[in-house]
Structure formats: structure tokens, C-alpha cells
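Here's the structure we're looking at; comments come further down.
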Amino acid sequence: MFRGTFEHTVDEKGRVSVPARFRLYLQAINDLRVVITNFQIEGVPCLDVYPYAAWVRLEDQLRAKPQFDPRVLKFITYYVGSAHDCELDKQGRILLPPTLREYAQLKRDVVFNSAIDKFRIWDRDNWRKVFMAAGAELANQPEILEQLGV
């Protein structure tokens, strides 16, 4: 499981170091491959990063869905169609494809944050907006946590 939030910097070639804690998890499962795709929360773009095995499980789940359902088609077009296979290099970095960097509006400063079985990469300013908005919503609507059973 991925936990925590970490700030890093994208270099001029589009590489970024994966946080050490996230690398440890990938090393523990003996697979340094990840699949990166576009995502958004509240209309703010970011990147979802899955360990390879978790991505394969998602693909298996999608194969079981009705292939002509318009919702399934849209999801596959948007989410799966934008996916890129990547592998951590010897320095623990991943090369973020230009199309995904552009989509997620990634500049120099980025934030990695955990999403349980995957992690996300955000532009730092976008992350702050989403994080603050989520905190305010939870503070103003405590019933959300109750509805989730936490």
C-alpha cells in the first residue's frame, strides 16, 4: 500500500524521482514497472500511477464489463487509451511522457500522493488547490465521513 505525500522536481528531460517509500513498495513486490495514465479530481488534472500488476487487474475487471456500454467505452478511451508503461531506472526515476506531463500541467515542482493501491502525481499548485478544497469540504460536511463509515 502506498502512503503519504511527497514533493519532488521534474528534470529538464521529464524524469522525476519516485519517493523512496513508494520505491520500497515496488521493490517489495519485485516489479519496478508502472503504468501511468491521466486522471482528474474535481476537474483538476493529475496522473494515476499503478504498479504493473494492479494495472493488469484493472484491465481484467474492464474485460468483464459490457464492451458496448457507452460508459465503459468512455472510460477505456480516456483512461486506458492514455496509459503508458514505464519502468523505474537505476536512480529510482521514471520518465513522464510529454503528453501526460502536458495533460497534468506538470511543471518543475510536483507532488506525489498515495491513493492506496496506486499513487498520483500532481502539479504542486494544483495539488494544493485540491487538497485544501477537500479539507474544507470534509470540515463543513462531517457527515461525509459518517457515510463512508470512517
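The values are calculated or read from the model by the stated rules, or taken from the named source; none is laboratory data. This one's a predicted model, so the numbers in the text were calculated from it and none came from an experiment. Cβ placement follows ideal geometry from the backbone for every residue including glycine, while neighbour counts extend to all protein chains displayed.
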message = Going residue by residue through the range 58-73, is there one that turns out to be touching a Ser or Thr at 6+ places or on another chain (Cβ under 9 Å) and surrounded by 12 or more Cβ atoms within 10 Å (Cβ to Cβ)?
response = no
ask   = Considering 71, 101, which residue is part of a helix (DSSP H, G or I) and over 24 Å from residue 2 (Cα atoms)?
value = 71
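Yes/no matrix, rows are residues, columns are (1) of a type in the set (Phe, Trp, Tyr); (2) within 20 Å of residue 13 (Cα to Cα):
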residue	(1), (2)
61	no, no
67	no, no
75	yes, no
86	no, yes
90	no, yes
97	no, yes
108	no, yes
112	yes, yes
115	no, no
query = When the residues of the range 98-140 are filtered to those that are farther than 20 Å from residue 23 by Cβ and aliphatic (A, V, I, L, M), which remaining residue is nearest to the chain's Cα centre (by Cα)?
reply = 104
ask   = Which residues, taken from the range 28-40, are free of Cβ contacts under 8 Å to residues at least 24 places away in the same chain, in contact with a strand residue (DSSP E or B) (Cβ under 7 Å, 6 or more places away or on another chain) and over 24 Å from residue 125 (Cα atoms)?
value = 31
request  = Name the single residue, out of those in the range 1-27 being touching a residue at least 24 places away in the same chain (Cβ under 8 Å) and part of a helix (DSSP H, G or I), that is nearest to residue 119 (Cα to Cα).
outcome  = 22
ask   = Is it true that residue 43 is on the phi > 0 side of the Ramachandran plot and free of Cβ contacts under 8 Å to residues at least 60 places away in the same chain?
value = yes
Residue in the range 63-82 that is within 12 Å of the chain's Cα centre (by Cα) and modelled with pLDDT of 95 or more present = yes
